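Worksheet: one structure, shown below.
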Ligand SMILES: N[C@@H](CCC(=O)N[C@@H](CS)C(=O)NCC(=O)O)C(=O)O
């Protein structure tokens with residue numbers, strides 16, 4: 001029998017804020033039920049008030065004392081990171097830097113969120129133009145400087161994979177994979193350390209996921 005509590009992760013059937021959590025648990029070989037909630041089911045759950053803050057992801061944890069449900073992707077990711085050995089529990093300063101990077105990831109989701117919610121195509125493209133030409137290059141520079149300050153190790157914090165890399169990897173993927181119309185895949189090409197970090201994390205994640213699945 002597993003030493004870990006029974007876990008159930010509820011999220012939409014796309015990467016979004018769920019991918020980093022799914023990958024942290026998989027890399028750590030932590031068993032969990034990966035529930036993909038279709039949009040219509042999400043609307044039902046939201047209307048029924050069964051989601052802590054009316055959003056996903058939600059992690060359900062079965063402990064001897066009972067059942068705990070928690071929302072907030074960064075809180076869930078830190079918990080997953082502690083279980084998986086991808087969060088520096090023994091080093092408060094390093095943990096501070098991981099937390100900083102996780103919140104940087106959330107800031108980026110909030111920066112692109114309004115344009116994703118904008119239904120009017122003309123207004124959406126106007127928002128995307130500002131994002132592509134001004135906002136995202138500015139934040140790309142913040143990330144570049146964070147990675148340079150960490151010594152260009154290929155990781156966001158220290159010299160090994162943490163949940164900070166997984167969080168940032170998936171938001172940077174969203175910004176550069178061409179799925180946001182009006183945001184060119186080259187939007188972060190001016191930042192060599194970001195590009196090198198992204199390639200490194202892509203390879204490290206794939207290797208760790210492959211190793212964990214054997
Ligand atoms: N601060 C929350 C934000 C959660 C959030 O906005 N989730 C989105 C999906 S990534 C969602 O559920 N959107 C649908 C809605 O809010 O109606 C977190 O980090 O988990």
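Per-structure values
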item	result
Most mobile listed residue (101, 48, 75) in the chain, GNM with C-alpha springs under 10 Å	48
Relative contact order of region 23-83, defined on C-alpha pairs under 8 angstrom at six or more residues apart (%)	32
Two-decimal log10 I(q)/I(0) for region 92-212, as the Debye equation yields it once each C-alpha is a single scatterer, q = 0.12, 0.13, 0.17 Å⁻¹	-0.45, -0.52, -0.84
Relative contact order for the chain, counting Cα pairs under 8 Å that sit 6 or more residues apart, in percent	22
37 °C / 0.692 mPa s Stokes-Einstein diffusion coefficient of the chain, Kirkwood radius on C-alpha pairs, µm²/s	180
From the C-alpha gyration tensor of region 6-84, square roots of 5λ in Å	20, 15, 10
Rounded D (µm²/s) - region 53-92, Kirkwood Rh over Cα pairs, Stokes-Einstein at 4 °C, 1.567 mPa s	115
For region 145-214, diffusion coefficient by Stokes-Einstein and Kirkwood Rh (Cα), 37 °C, 0.692 mPa s, µm²/s	257
For region 1-129, share of DSSP beta bridges that run antiparallel, in % to the nearest 5	75
Using distinct alpha-carbon pairs, which all enter the 1/r mean, Kirkwood radius of region 118-171 in Å	12.9
Computed [θ] at 222 nm, deg cm²/dmol, the chain (DSSP H ≥ 4; -39,500 (n - 2.57); rounded to nearest 500)	-17500 deg cm²/dmol
Packing-based exposure ordering (other Cβ within 10 Å, fewest first) of 44, 23, 90	90, 44, 23
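Since every read-out is calculated from the coordinates, none of them should be taken as a lab result. Since the model is a prediction, treat every value here as computed from it, not as a measurement. Cβ sites come from the backbone with ideal geometry, for glycine too, and all protein chains shown count toward neighbours.
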